Amino acid sequence: MSDGFIVLWKPPGPTSHDVVQQVRRRLGERCGHLGTLDPLASGVLAVAVGRGRRLIQYLVGLEKLYWSEIWFGLASATGDLAGDLTSQASAAELGAAQLSEALSGLIGTHSQRVPLASAVKVDGRRLYRRMRAGEQLVAPERPVTVHQGRLLGFMPGPLGRAAVLWEVSSGTYIRSLAEELGEACAKPAILASLVRLKVGPFTEAQAVSLPEVGPDCVLPLASPFSHWPQWTVDRPTAQRIQQGQQVAVDETLSPGLSLAVLEDSGKLWAVGRREQDRWRPLTVVGE
């Protein structure tokens, strides 16, 4: 049995759901992902395997790192190359200095429009399906945080092309950031290419391709919790926790703080919190 996480390098083309289904068939285990990638995007897709699925709830808010290519002078119905073009204008006068200044204005927390061509549900139905059905929709907004927006390179011209590195909060749409960047430069803009380099602790250096997926690629259940407060216990204590017995907690741990419980071998047994002098389990994965 494989329990843990796989860091997969998703190719452009298939949906995240399709890729996860291929992993499930290869491993014979139930799987779930920690955040979708659009079909045209590639890069890191973190997949929870077996009992790792119980831990997804603690990992859905992980920050992400992206490389993007943005074209200035074009706009589409979807914000990327998947949609029909809706406008075109020369971006010949756009320069790297103006672009860098516009990028700095996006740093921080702000309200972002969710793309209508997205899987976000509104009134129980996904936006992209409602858009395809011809419904008149107003794009919902939600707060996002941009920690970094760094210009890596710029090729000026009527179709200006920029490479931008983004570090963002969970739920941020890079194609929406591309459109916002265009608005700040008074030019239409479109996301031409997107590569996700990191999801929380999961990085491109750990990623494997679909043909490489196998039991040896599954990282331990404890792998994404290295930044969490941790409580290391001996095996008898870990077994009592698995059996639901009351266990006295280390008094040096802060009350109310979520923490990972590890056996001294480094194996993850549970996630929980200290309540007074006792430990309250939230999720037990056990052996």
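The values are calculated or read from the model by the stated rules, or taken from the named source; none is laboratory data. Quick caveat, the model's predicted, so the values are computed rather than measured. Backbone-built Cβ (ideal geometry, glycine too); neighbour counts: all protein chains shown.
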- Over segment 161-189, the set of residues over 14 Å from PHE72 (Cα atoms) and not in a strand (DSSP E or B) is SER169, SER170, GLY171, THR172, TYR173, ILE174
- Task: Please work out if SER68 is modelled with pLDDT of 95 or more and among the hydroxyl-bearing types (Ser, Thr, Tyr).
- Result: yes
- Message: I'd like the residue in segment 57-77 that is assigned to a strand (DSSP E or B) and within 11 Å of the chain's Cα centre (by Cα) and, out of all such residues, is farthest from ALA270 (Cα to Cα).
- Response: TYR66
- What are the pairs, 6+ residues apart or on separate chains, where a residue within segment 235-252 that is touching a residue at least 12 places away in the same chain (Cβ under 8 Å) has its Cβ under 6 Å from a residue that is surrounded by 10 or more Cβ atoms within 10 Å (Cβ to Cβ) and of a type in the set (Phe, Trp, Tyr)? ALA238/TRP269; ILE241/TRP269; VAL247/TRP279; VAL249/TRP279; ASP250/TRP231
- Task: Scan segment 221-237 for residues that are among the hydrophobic types (A, V, I, L, M, F, W, C) and in a helix (DSSP H, G or I) and jot them down.
- Result: PHE225
- Message: Quick test of your reading of the structure: PRO229 fulfils all but one of (1) at pLDDT 75 or above; (2) closer than 21 Å to LEU59 by Cβ; (3) surrounded by fewer than 13 Cβ atoms within 10 Å (Cβ to Cβ). Name the failing condition by number.
- Response: (3)
- Query: Got a sec? Which of GLY28, GLY32, GLY13 is within 19 Å of GLU204 (Cβ to Cβ) and surrounded by fewer than 18 Cβ atoms within 10 Å (Cβ to Cβ)?
  - Reply: GLY13
- Query: Any idea how many residues of segment 88-114 are in a strand (DSSP E or B) and modelled with pLDDT of 90 or more?
  - Reply: 5
- Message: Let me spell it out: the conditions are (1) within 30 Å of LEU85 (Cβ to Cβ); (2) surrounded by fewer than 17 Cβ atoms within 10 Å (Cβ to Cβ), and PRO215 meets all of them except one. Which number is the exception?
- Response: (1)
- Task: Pull up segment 233-266, narrow it to residues that are within 21 Å of GLY52 (Cβ to Cβ) and among the hydroxyl-bearing types (Ser, Thr, Tyr), then point me to the one that is surrounded by the most Cβ atoms within 10 Å (Cβ to Cβ).
- Result: SER258
- Within segment 1-56, how many residues turn out to be in a loop (DSSP other than H, G, I, E, B) and not basic (Lys, Arg)? 18
- Only one residue in ALA192, ALA205 is part of a strand (DSSP E or B) and outside the structural domain of ASP264 (by TED's automatic domain parsing). Which one? ALA192
- Message: Considering only segment 159-174, I want to know if a residue exists there that is more than 28 Å from THR15 (Cα to Cα) and modelled with pLDDT of 65 or more.
- Response: yes
